[in-house]
Each structure stands twice: as C-alpha cells, then as structure tokens.
Amino acid sequence: MNKTRLFYVPMMALVLLFALFGPVASVYGQELSDQPKQTLIMGTSPDFPPYESVDAKNNGEIIGLDIDIAKYILGELGYELQIQSMDFSGLIAALQTGRVDFVMSGMSATEERKKSVDFSEPYYFARNTIISKAEFGYESLDDLSGKIVGAQLGSIQEAVANQVEGAAQVRKLNKVADLIQEINSNRIDAAIVEDAVALDMTNSNPGLVMSFLPADESDGGYAIAFPKGSPHVEEFNQVIAEMRESGKLDELLQKWFPEAKDADARGMIDFSVLEGYVPYILRGIGVTLLFTLVSALLGLILGSVLSLFKISGIKPLMWFATAYTSVFRGTPLLVQLTLIYYATPQLTGYDIPALLAAGLAFGLNSAAYLSETIRAGIMAVDKGQREAAIALGIPYPKMMISIIFPQALRNILPALVNEVVALVKESSLVSVIGVTDLMRRADVVRADTFRSFEALLLVAAIYYVLVLILTSLARMLERRLRRGD
C-alpha cells in the first residue's frame with residue numbers, strides 16, 4: 001500500500017471539512033471586537049418569573065421586570081438591547097469571557113460576587129421566603145433544623161439555606177421550577193425562594209404555602225452586573241436614580257409583581273396546563289434535527305479521517321488519531337461542550353454562537369467513537385479486494401471511495417444508526433448553553449407553569465417519535481443495501 005497516497009486522502013477530507021463548515025462559522029459567528037458599540041448584550045436566565053421568562057404562548061420573546069428595566073435604561077442611553085439566554089450558573093462566566101456586556105437576572109449584589117464583577121446601584125430589595133407544603137407550614141429557619149432544604153444553585157437563597165443550623169442537607173438545583181417538583185415529590189422539605197417568585201409558585205400549585213423571612217440588613221439588593229472595570233456602570237446608575245425619582249421604577253414593579261390568589265386545584269398530571277405552549281415546544285424539533293444533522297455529518301467526516309489515520313501506518317498520524325480518541329472518549333461530553341462555548345471567546349476572541357458550539361462539541365465527540373467503528377468496518381472488508389484493486393492499477397482514493405467504503409458502510413450501518421439516535425437524545429444537553437432545542441423549551445414551560453410532568457412527558461414523546469422515524473429509515477436503507485448484494 002502506497003503510504004504517500006494514503007496520506008493525501010485524509011488531507012483532502014480535512015480540506016473538505018473546513019470548506020463545508022468554514023462558511024457556517026462566518027454566518028453564525030462574529031468577532032467580539034467587531035460588535036457594534038451601540039448594541040449591548042444582556043445575559044439572563046429566563047426561568048425566574050416575574051423578573052424574566054419566555055412568553056411561550058405568544059412570540060417566544062423574553063419578558064419580565066428586568067427586561068423592561070433594561071429596555072428603559074438602554075433607551076435613555078441610546079443603546080440597542082440584545083438578550084442572550086443561558087443558565088443562571090453560567091452568567092458570571094459569560095461576563096468574564098466577554099460573551100455579554102451586562103447581566104440582569106434577579107442577581108443579588110453579594111460581597112462574594114463583587115470580587116468577580118462590578119454592580120450597579122440596586123433597583124429592588126427582595127425578601128426571602130420559605131416554601132413548603134401547607135401541612136407543615138415552616139415559618140422560620142429554626143423550623144428547618146434537621147430538614148432537607150432546597151435552593152437555586154448560585155443564588156443568594158443558596159447562601160441563606162446554608163445558614164440553617166442543623167439542616168440535614170442543602171439541595172442545590174439549577175432551576176427554581178425544579179424546587180417545586182422536589183417539594184411535591186417529598187425529596188425536600190422546603191425551599192428558600194425570593195418573594196415575587198414564591199407568589200407565582202404558590203399561585204400555581206395547590207397545597208404549597210409561603211412564609212416570609214426577616215429582611216437581611218446585609219442584603220445588597222438586586223442589581224445589574226458588569227465585567228470588572230466596565231465603563232457602563234456609572235451611566236446605568238444615573239438612569240436608575242432617575243427612574244427611582246420619577247416613579248418609573250415603582251410603575252414597573254406594580255406591573256410585574258403578582259398578587260396572591262387561590263390556586264386552581266389540579267391533579268398530579270393535567271395536560272391542560274400546556275394549552276398555548278405546544279406550538280412553542282414543537283418549534284424546537286427543527287433546532288434539534290438541525291443540530292443532529294450538523295453533528296452527525298461532522299462526526300462522520302472527521303471519524304473517517306481519523307480511521308484512515310489509524311490504518312495509515314504513518315506513526316505521527318496514528319499517534320494523533322489515538323490521542324484524539326483517548327481525550328474525547330475519556331472526558332465528559334458536557335465538559336467538552338462548556339469548554340468550547342465559554343473558552344473559545346476568551347482564548348481566541350471569536351464569539352462562537354451557542355448552536356455552532358454545540359454542533360462542534362457533539363461532532364468532535366462523535367468522531368472519536370465513529371473512528372473506531374469505521375476502522376473496524378474498513379478492516380472487515382476482504383483484503384483480497386484491495387489487492388485486486390491495486391493490481392488493476394486503481395488509484396487509492398478511488399478504491400477507497402468506490403470499493404472499500406460502500407462495503408464498510410454496509411457492515412457498520414447499525415452502529416451508525418445507534419450513534420445518530422444517541423445524538424438525538426443527547427442533544428438535550430445543549431440546553432445548558434441556551435440553545436432553544438426541545439429540552440430548553442420544555443424548561444421554559446416548566447418555569448412558566450411551575451409544573452414539570454406535563455412538559456417533560458410531551459418532550460419525551462416527541463424524542464421517542466423522532467427515534468422511531470430514524471430507526472425506520474435506517475431499516476429501509478439496510479434492506480435496500482441487502483437487495484443490492
């Protein structure tokens with residue numbers, strides 16, 4: 001086998017790979033330094049109504065008190081507002097890596113956070129509450145001694161929960177809506193939640209009650225977070241002061257803060273809560289399928305290149321392919337995803353969009369697994385066919401494309417289908433960086449309704465149907481390939 005010609009094939013494949021995905025990067029990405037100065041990007045976690053949530057029943061826009069305040073401030077200062085959605089636990093990292101210019105997400109200006117970011121003057125002072133089942137009705141932190149207490153990860157309420165003396169356990173969850181599910185499932189005894197959110201929670205869930213905790217004099221209040229040394233802090237503070245003096249701030253508070261009301265009695269599972277949300281959830285199918293297609297294509301192309309490296313006999317290529325496979329199979333996919341999304345802007349200055357970061361992370365990870373599958377398929381093809389092709393003078397690239405790969409594909413088709421199915425299901429992980437796939441949209445509905453079963457069951461059914469369709473198409477292709485024998 002001519003090793004020189006063998007070397008050209010993976011090189012040509014890599015050129016094709018960059019030719020295919022280079023334009024995607026230029027369309028979806030942009031340099032951080034080139035972003036227009038008149039546009040400021042606001043980071044938020046839209047699962048915290050009434051401060052920020054997704055208007056899933058209408059146009060899918062992010063709405064809430066923080067959004068209205070941000071729009072007013074930027075309007076007064078002459079900036080355009082762009083909103084970037086992500087998990088609450090990633091907001092500080094987004095500020096530090098330059099992905100966003102400021103953060104508004106019901107974030108308290110704590111002394112610990114002030115070490116990492118700068119804060120504006122507070123625009124609201126909230127009170128913490130205890131949410132529990134009506135039969136218990138815990139009223140103070142002392143009542144929670146020996147109990148399992150829940151709080152949102154990274155929130156000021158987490159710090160309050162950690163102050164409970166003798167608490168059996170403090171359970172930290174990413175989303176406030178998950179706390180309700182944990183209480184209803186008897187996994188936690190109570191949750192520490194901010195007052196306006198607690199009103200929404202108790203209004204939506206019968207059997208839950210809230211009790212106010214004493215005001216914390218050391219509480220810095222909810223404020224706008226900026227990167228260290230941001231030039232925008234002072235001008236934002238001026239507008240906040242003007243809003244407070246003019247009564248505009250009180251007007252917005254009255255608009256968004258709910259009043260206590262009797263909750264409608266509902267059963268354990270009541271799909272009527274999804275009324276108006278189903279079209280919003282179904283729009284996530286396109287994002288999920290697009291992401292899966294991009295990831296599968298990247299994984300197949302790069303996996304083929306790596307498999308050729310492994311059988312090339314050229315030691316540097318073999319070492320590279322082996323090391324690549326070891327790293328990507330030996331580290332968690334979620335870690336790879338977050339590293340690509342958050343580290344890329346910081347290391348290169350390139351603002352990689354969430355969907356592109358997800359496609360790259362899943363494609364690169366998939367390539368590590370597919371490289372072994374494709375290599376096994378190639379090696380399973382009868383060696384006599386290669387020898388015959390070489391004896392007939394067939395060029396190596398043509399031999400691989402026309403003779404070897406088609407037969408290898410037939411051998412590994414079931415494994416390829418399994419990988420695509422895995423990509424469809426694992427795509428739910430991309431919701432952590434704000435990609436609005438099926439799972440992210442289900443989280444939005446859960447945050448709006450404070451009910452989990454209904455949205456999750458609907459999304460599970462959609463994933464199941466997608467997998468059935470993919471499996472059926474793969475069987476049809478397999479039968480067609482067999483008829484071609």
Within the range 423-450, count every residue that is over 30 Å from residue 206 (Cβ atoms) and either part of a loop (DSSP other than H, G, I, E, B) or free of Cβ contacts under 8 Å to residues at least 40 places away in the same chain (or both). 4
List the number of the failed condition for residue 352; all other conditions in (1) surrounded by 20 or more Cβ atoms within 10 Å (Cβ to Cβ); (2) more than 22 Å from residue 426 (Cα to Cα); (3) β-branched (Val, Ile, Thr) hold. (2)
Among 419, 478, which is modelled with pLDDT under 80, within 21 Å of residue 366 (Cβ to Cβ), touching a helix residue (DSSP H, G or I) at 6+ places or on another chain (Cβ under 7 Å) and not hydrophobic (A, V, I, L, M, F, W, C)? 478
Of the conditions (1) outside any loop (DSSP other than H, G, I, E, B); (2) out of contact with any Asp or Glu (no Cβ under 8 Å at 6 or more places or on another chain); (3) not assigned by TED's automatic domain parsing to the domain that holds residue 43, the single one that residue 90 does not satisfy is (3)
Can you confirm whether the range 407-422 contains a residue that is among the charged types (D, E, K, R) and over 24 Å from the mean Cα position of the chain (by Cα)? yes
Positions within the range 192-231 being closer than 21 Å to residue 44 by Cβ and among the acidic types (Asp, Glu), in sequence order: 194, 195, 200, 219
Mind listing just one residue for me: the one in the range 185-210 that is assigned to a helix (DSSP H, G or I) and charged (D, E, K, R) and, of those, surrounded by the most Cβ atoms within 10 Å (Cβ to Cβ)? 200
Of the residues in the range 266-276 that are part of a helix (DSSP H, G or I) and out of contact with any Lys or Arg (no Cβ under 7 Å at 6 or more places or on another chain), the one that is surrounded by the fewest Cβ atoms within 10 Å (Cβ to Cβ) is 272
Scanning the range 43-63 residue by residue, the ones that are assigned to a loop (DSSP other than H, G, I, E, B) and within 16 Å of residue 223 (Cβ to Cβ) total 2
Tell me the residue from 335, 327 that is within 21 Å of the chain's Cα centre (by Cα) and surrounded by fewer than 19 Cβ atoms within 10 Å (Cβ to Cβ), please. 335
Residues that are assigned by TED's automatic domain parsing to the domain that holds residue 467 and within 23 Å of residue 412 (Cβ to Cβ): which helices (runs of 4 or more DSSP H) entirely in the range 277-343 hold 2 or more of them? 284-310, 315-330
Scanning for something under 15 Å from the mean Cα position of the chain (by Cα), crowded, with 16+ Cβ neighbours inside 10 Å and not in a helix (DSSP H, G or I), does the range 451-459 turn up at least one residue? no
For the range 57-69, how many residues meet the condition of being of a type outside the set (Asp, Glu), surrounded by 18 or more Cβ atoms within 10 Å (Cβ to Cβ) and in contact (Cβ under 8 Å) with a residue 40 or more places away in the chain? 3
Going through (1) touching a residue at least 40 places away in the same chain (Cβ under 8 Å); (2) crowded, with 19+ Cβ neighbours inside 10 Å one by one, residue 395 fails only at (2)
I'm checking my understanding of the structure. Among residues of the range 191-241 that are in contact with a Leu (Cβ under 6 Å, 6 or more places away or on another chain) and outside the structural domain of residue 69 (by TED's automatic domain parsing), which one is nearest to residue 98 (Cα to Cα)? 191
Yes or no: residue 408 among the small types (Gly, Ala, Ser), over 30 Å from residue 83 (Cα atoms) and surrounded by fewer than 20 Cβ atoms within 10 Å (Cβ to Cβ)? no
Might you check whether a residue that is in contact with a strand residue (DSSP E or B) (Cβ under 7 Å, 6 or more places away or on another chain) and part of a helix (DSSP H, G or I) occurs anywhere in the range 346-365? no
What number of residues within the range 142-184 satisfy the criterion of being surrounded by 17 or more Cβ atoms within 10 Å (Cβ to Cβ), without any contact (Cβ under 8 Å) to a residue 40 or more places away in the chain, of a type in the set (Gly, Ala, Ser) and part of a loop (DSSP other than H, G, I, E, B)? 1
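The values are calculated or read from the model by the stated rules, or taken from the named source; none is laboratory data. Note that this is a predicted model, so its numbers are computed, not measured. Because the Cβ atoms are built from the backbone with ideal geometry, glycine has one as well, and the counts that use them run over all protein chains shown.
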